[in-house]
Structures are given as C-alpha cells and as structure tokens.
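Following: one structure in structure tokens, then a few remarks.
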Amino acid sequence: MNLDPSMPRRGGALRKLLTMLCGITLFVVVVAVLGVWAIGRFAPKLLDATLASKTGAHLAVDSNDSNLFLGRLDFGGVVITNPSRWTESEFLRVKRLSLDVDTLSFLEGGSRTVHDAELDIDRLVIVGKANFLTDNNAKDIGNGLKSADKPGAPSAGPASTPPSAGRAQPFHIQHLRVRVNRITVIAGDGTPQRRIVIDREFNYVFEARDITDHNFDDKVSKPMGKLALQSAVEQQPELLMDLARERLRKSITEKLREGK
C-alpha cells in the first residue's frame with residue numbers, strides 16, 4: 001500500500017504513541033531481565049518486587065525453563081499488570097521471552113552480550129487518561145524503572161517525557177526478534193469518556209541486529225514504531241483520520257478557552 005504524503009502528518013500522534021510503547025515494552029521485558037540474569041530462577045520474583053516498589057505494577061511468569069549454566073533465560077506466559085491508578089488491569093502479556101547470553105560477559109562486567117533475544121508479545125495494552133499520548137500506563141512504568149538507580153526519586157505517576165533507551169549498564173544484543181500480536185489503546189480510563197482507540201491483531205514481526213545501549217532508539221524503538229504505524233494504516237486507515245480529528249477538536253477548544 002502506497003501512503004500519500006499527508007499521512008505522516010496525520011499519523012504523527014499515532015506514530016509517537018507506537019514508537020513509545022514499543023520502546024517501553026523492550027525496556028521493561030528485555031533490559032530488565034538482563035539486569036537480573038545471574039539469579040536465574042529467582043528473576044521473576046525479583047522483577048515483580050522491583051516493579052511493585054518502583055511502579056506499582058506486578059509481574060507473573062507461568063513457566064521458567066532457564067539454564068544459566070548454558071547461558072539461557074527462557075520464560076513463558078509473562079504477564080505485567082498496570083500501576084494501581086489505572087482501572088484497566090493488564091499492561092503486557094508475553095507468550096515467550098528467550099535470551100541466549102554470553103555468560104562470561106556478565107561475570108566479567110563491562111558490556112553484557114546477548115547472542116539471541118526473542119520476544120513474542122501476545123497483547124500490549126496502552127491505557128491513558130484524556131490525553132493518552134502524554135499520560136498513560138507505559139510512561140508510568142518506564143519512568144518508575146528509570147528511577148530505580150536514583151535514590152529518593154519519585155515512583156510512577158503522570159510523566160512529561162518519554163523513557164530513554166540509555167542504560168547505566170552497557171549491553172550488546174547481536175540478534176533481536178520481536179513478534180507483536182495484538183495492540184489495544186484505551187483513552188479516558190476510569191471516566192465516562194472511556195473509549196477504545198485501537199484493538200486489533202497486527203501480528204507483525206520485527207528483527208534487528210547489533211543493538212547496544214547507544215543505538216537502542218535508532219535500531220529498535222523508532223523502526224518498531226514506524227512498522228506498527230504502517231500496519232495500522234494498512235489494516236485500519238480511519239485510525240489516522242480519527243486521531244487527526246481528535247487533535248483538531250482539542251486545538252479548537254484550547255483556542256476558544258484562551259479567547260475568553
């Protein structure tokens with residue numbers, strides 16, 4: 001499908017959202033797991049404790065077939081809930097998360113090397129308030145985790161800036177494969193204006209190589225968001241027009257208020 005030149009402008013809001021949510025997904029699941037790989041079978045419990053204390057979210061794993069002697073992490077049925085201020089309960093459901101790591105790189109310090117990383121996302125739910133692009137669950141979780149290394153930093157809440165891909169601990173992922181099945185976006189959570197903006201099976205696959213803490217945004221977050229946007233346009237073009245109309249209505253309302 002050929003996109004006309006005006007679509008990037010009309011789809012700016014959706015592209016921003018999808019870019020952010022893809023980066024958050026990988027940040028929460030992949031990078032967080034890399035940080036606790038060495039305790040193997042206790043990793044889910046530690047991740048759950050970290051999420052709960054920093055964001056108010058929780059993590060559960062149905063199966064853990066990790067074998068650290070072979071440098072392998074293998075989780076099945078991963079579920080991450082939303083922070084408590086959200087009515088919608090679920091944030092992320094992952095069928096499988098598998099990492100093949102270079103054990104010595106973790107033991108010796110320095111840059112941590114992952115040979116292969118596979119992430120199979122069954123469903124991702126982005127839920128927000130009236131302005132769901134700036135106040136949503138993904139930003140709550142991302143900013144809560146960013147504060148983990150900052151003593152005295154506040155826990156999750158409405159955020160004004162997107163999470164950064166930069167990490168204190170350098171890493172190198174040689175090959176990453178991500179499959180995204182269903183994406184749901186809900187606006188006006190907890191209010192009578194609650195509505196489902198997106199709820200579709202996209203079922204797209206994204207692959208990248210030689211990912212580091214320095215190029216994470218350029219090689220993962222941005223291209224994943226672009227791919228998700230293209231899938232949205234091809235499957236449901238009216239989404240772009242709907243978002244454009246919504247932004248226009250808000251702009252007109254704000255100008256009318258300023259004129260009073």
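A short reminder: the numbers here are calculations on the coordinates, not readings from a lab. None of the values given here were measured: they were computed from a predicted structure. Reconstructed Cβ throughout: ideal geometry from the backbone, glycine too, with neighbour counts over all protein chains shown.
Just in region 71-120: which GluC sites (Glu not before Pro) are loop by DSSP and have at most 12 other Cβ atoms within 10 Å?
Numbers: sites: GLU88, GLU90, GLU108, GLU118; in loops: GLU88, GLU108.
In loop regions of region 71-120 (DSSP not H, G, I, E or B), the sparsely surrounded GluC sites (Glu not before Pro) are GLU108.
Pop a pseudo-label 7 angstrom from the Cα along the beta-carbon direction at both GLN174 and ILE196 and give the gap in nm to one decimal.
Using points 7 Å along Cα→Cβ, the separation is 4.2 nm.
Using modelled amide H (1.01 Å from N, peptide plane; none on Pro or chain starts), what sits under 5 Å from the amide H of VAL127, excluding residues fewer than 5 places away?
ASN137, ALA138, ILE186
Kindly provide the pair-distance distribution of region 190-235 built from C-alpha pairs, with 5 Å bins from 0 and whole-percent values in order of increasing distance.
Once binned at 5 Å, the Cα pair distances of region 190-235 give 5, 17, 21, 16, 12, 13, 9, 4, 2, 0.
Compute the separation of the alpha-carbon centres of region 189-227 and region 91-120 and state it in Å as a whole number.
19 Å
How large is ³J(HN,Hα) for each residue in region 65-77, as worked out from phi by the Karplus curve 6.51 cos²θ - 1.76 cosθ + 1.60 (θ = phi - 60°), to whole Hz, x for Gly and Pro?
Computed from phi, the couplings for region 65-77 are 9, 5, 9, 6, 5, 9, x, 10, 10, 9, 10, x, x Hz.
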